[in-house]
1. Count, please, the residues in the range 285-318 that happen to be touching a Leu at 6+ places or on another chain (Cβ under 6 Å) and surrounded by fewer than 17 Cβ atoms within 10 Å (Cβ to Cβ).
2. Out of all the residues in the range 148-161, is one or more over 30 Å from His36 (Cα atoms), at pLDDT 95 or above and out of contact with any Cys (no Cβ under 6 Å at 6 or more places or on another chain)?
3. Could you give every pair whose Cβ atoms fall below 7 Å, whose first residue belongs to the range 51-74 and is more than 16 Å from Phe407 (Cβ to Cβ), and whose second residue is in a loop (DSSP other than H, G, I, E, B), counting only separations of at least 6 or pairs across chains?
4. State whether one or more residues within the range 198-206 are aromatic (Phe, Trp, Tyr) and within 19 Å of Asp377 (Cα to Cα).
5. Within the range 251-269, is there a residue that is farther than 24 Å from Ile61 by Cα, in the same structural domain as Ile196 (by TED's automatic domain parsing), without any contact (Cβ under 8 Å) to a residue 40 or more places away in the chain and among the acidic types (Asp, Glu)?
6. So, in the range 406-429, exactly how many residues are surrounded by fewer than 22 Cβ atoms within 10 Å (Cβ to Cβ) and out of contact with any Leu (no Cβ under 9 Å at 6 or more places or on another chain)?
7. Suppose we keep only residues that are in contact with a helix residue (DSSP H, G or I) (Cβ under 6 Å, 6 or more places away or on another chain) and either charged (D, E, K, R) or assigned to a helix (DSSP H, G or I) (or both) within the range 167-197. Which one would you say is surrounded by the most Cβ atoms within 10 Å (Cβ to Cβ)?
8. Tell me, please, whether a residue that is out of contact with any strand residue (DSSP E or B) (no Cβ under 6 Å at 6 or more places or on another chain) and among the basic types (Lys, Arg) can be found in the range 107-123.
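The values are calculated or read from the model by the stated rules, or taken from the named source; none is laboratory data. Nothing here was measured: the structure is a model prediction, and the numbers come from that model. Cβ placement follows ideal geometry from the backbone for every residue including glycine, while neighbour counts extend to all protein chains displayed.
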Amino acid sequence: MKILKYSFIILIVALLAIFTFYFYPRTAIITGYAAHSVCSCHFNSGRSLASIEASDNDIDIMSYASNNIDDEAQTVTSSIFGLRKRTALYRKGYGCVLLGLDGEKPTPIENIPPRAELVDSLPWPYGKKENAPSFPNVAMDRINEAVGDAFDKNGEAFKKTRAVVVVYKGQVVAEKYAEGFDKDTPQLGWSMTKSILNALYGIQSRKGIVNIKNPVNIPEWKKDDRAKITYNNLLQMNSGLEWEEDYASISDATKMLFITDDVSKVQLKKDLEFPVGTYWEYSSGTSNLLSGLLSKQFGSMQEYLDFPYVELFNKIGMTSMVMETDLTGHYIGSSYSWATPRDWAKFGLLYLNNGIWNKERIFPDGWVTYTSDAAKDSKGGYGAHFWLNAGGKYPKSPKDMFYCAGFQGQYVYILPSQDLVIVRLGLLSYPDFPADELVSRIVDAIE
């Protein structure tokens, strides 16, 4: 009996040790992820808790979290066994913000960002009027078949596609949506938000406010080699700064997104791991550092918060776009932006048209070329906050294709030589999702 008693005690101590040192530290991240996800999916997209928990929050470890939506207070609270409660708050115009570990509330924001309305009489993409495009050189039956094959059939869940939009010569020639989604449902872009930062810096470059060749001039870096880091190094992800981009553990990335009040300061505090400009490393911290640096270019936080809407989204008709902030009001430029599939397609069209929208130049001439030029040490796979196919990651697709990409398979593919933009949104990424097949089949259907 003593052996059984001591064995039981040892087992309990071991389980407590595992919980204390392995599981409990992760609970703040798990509940933070769950609360923010449910809040954004529900209040930005109007989806039910059952739908969100069955798909967006069906990641294994997320199943431990229980979630409660308060529609009156416009909050979501998540916990694990009643422990480590985290709350996300919805604010009109800014989506959801995750409150602090001790319930700290966000810095108050004075105004909702100014939003434009689309004109009924103008055709898409400039207005609401639907077109009936007809291109004799396009085999529509083959395009529709390729788009249809991107979706699961007969209740299967292998491809997990929610939306596909195909835009040829500025016209929507094909689109399809999963059950529960349509052309008016905003969807999370995840790291496609990084490409929005590229656009914002392109605008500032056109205005002469930012020279990407210049050092970023951060006071904390002046006494060491970090002083050499330029805006270009940050945009091309070859600053050499330390970073750990791992979403399966307690890492720089997960701590930044789910337990840090000011996401713009995390990478700022990192030391150099490699000489500046010599080593490419994907870093969400870099994107949020850029978001913080962008905020310093304005006289007030409200000007910074209005800037993407006034100078980008309103001008190209991305009327559904919402960018979410951290507690301090900085846009989480690494991860959190929401827009309808058609609005994501408009973003791709802006780059396809060399930064010109309806005869207005948004980016300086040459910015899109800069964006799609390979960063040093990226092996032809990355430009300036955009991914590239120059290195042949998609072997069947054109080499000049460049694209926005986000977690779980959010894509805006831009194919200049085909005058083509393809949007795919879902819950499975390439190569598990056959994106190369989707793109190449659509290209092959255009003579």
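1. Result for the range 285-318: 0.
2. Yes, the range 148-161 has at least one match.
3. That search, which allows pairs on different chains as well, returns Ser51/Gly180.
4. Checked the range 198-206: no residue is aromatic (Phe, Trp, Tyr) and within 19 Å of Asp377 (Cα to Cα).
5. There is no residue in the range 251-269 that is farther than 24 Å from Ile61 by Cα, in the same structural domain as Ile196 (by TED's automatic domain parsing), without any contact (Cβ under 8 Å) to a residue 40 or more places away in the chain and among the acidic types (Asp, Glu).
6. 5
7. So, considering only residues that are in contact with a helix residue (DSSP H, G or I) (Cβ under 6 Å, 6 or more places away or on another chain) and either charged (D, E, K, R) or assigned to a helix (DSSP H, G or I) (or both), the one surrounded by the most Cβ atoms within 10 Å (Cβ to Cβ) is Lys194.
8. Within the range 107-123, one or more residues are out of contact with any strand residue (DSSP E or B) (no Cβ under 6 Å at 6 or more places or on another chain) and among the basic types (Lys, Arg).
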